[in-house]
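*Asks:* Once you've had a glance at the structure underneath, I'll fire off some questions.
The values are calculated or read from the model by the stated rules, or taken from the named source; none is laboratory data. What you see is a predicted model; the values in this text were computed from it and never measured. As a convention, Cβ positions derive from the backbone with ideal geometry for all residues, glycine included, and neighbour counts pool all protein chains shown.
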Amino acid sequence: MKTARQVVLQMLVKMSNNQSYSNILLDEALSKSQLSAQDKKFASALFYGVTERELTLDLIIKNILQDLLISFRMRLGKFSEWEYISFYIWIVFLKVLL
């Protein structure tokens, strides 16, 4: 049996892939789940809280990643060529996500 957090994570992934509207997705997921009434309330609050604050959360994550990028760039002189290439690929991947 999935936890409320796991159900919410699946809903957020589906919503980010533009597979459904939030209210329809929430109704379907909660009706199919075997969560208790209390867990369904928690899942609803968590789901709507994350979707409501999505831009804020994205900005916070982006700032943290940028700080990490700066600290990694300061250490680049200590990396081998292969480490630098793999790091560059990771940065490109993160930029695509954000």
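*Asks:* Taking the conditions exactly as written (modelled with pLDDT of 90 or more, of a type in the set (Val, Ile, Thr) and not in a loop (DSSP other than H, G, I, E, B)), does Val96 satisfy them or not?
*Replies:* no
*Asks:* Six or more apart or on different chains, Cβ under 9 Å: which pairs go from a residue in the range 1-29 that's under 13 Å from Lys40 (Cα atoms) to one that's exposed (fewer than 11 other Cβ atoms within 10 Å of the Cβ) and small (Gly, Ala, Ser)? Could you list them?
*Replies:* That search, which allows pairs on different chains as well, returns Ala4/Ser36.
*Asks:* Scan the range 36-55 and tell me whether some residue there is loosely packed, with under 10 Cβ neighbours inside 10 Å, in a helix (DSSP H, G or I) and at pLDDT below 90.
*Replies:* Within the range 36-55 (the criterion being loosely packed, with under 10 Cβ neighbours inside 10 Å, in a helix (DSSP H, G or I) and at pLDDT below 90), the answer is yes, since at least one residue qualifies.
*Asks:* Taking only the range 1-35 into account, find how many residues are among the hydroxyl-bearing types (Ser, Thr, Tyr), at pLDDT 90 or above and part of a loop (DSSP other than H, G, I, E, B).
*Replies:* Of the residues in the range 1-35, 2 are among the hydroxyl-bearing types (Ser, Thr, Tyr), at pLDDT 90 or above and part of a loop (DSSP other than H, G, I, E, B).
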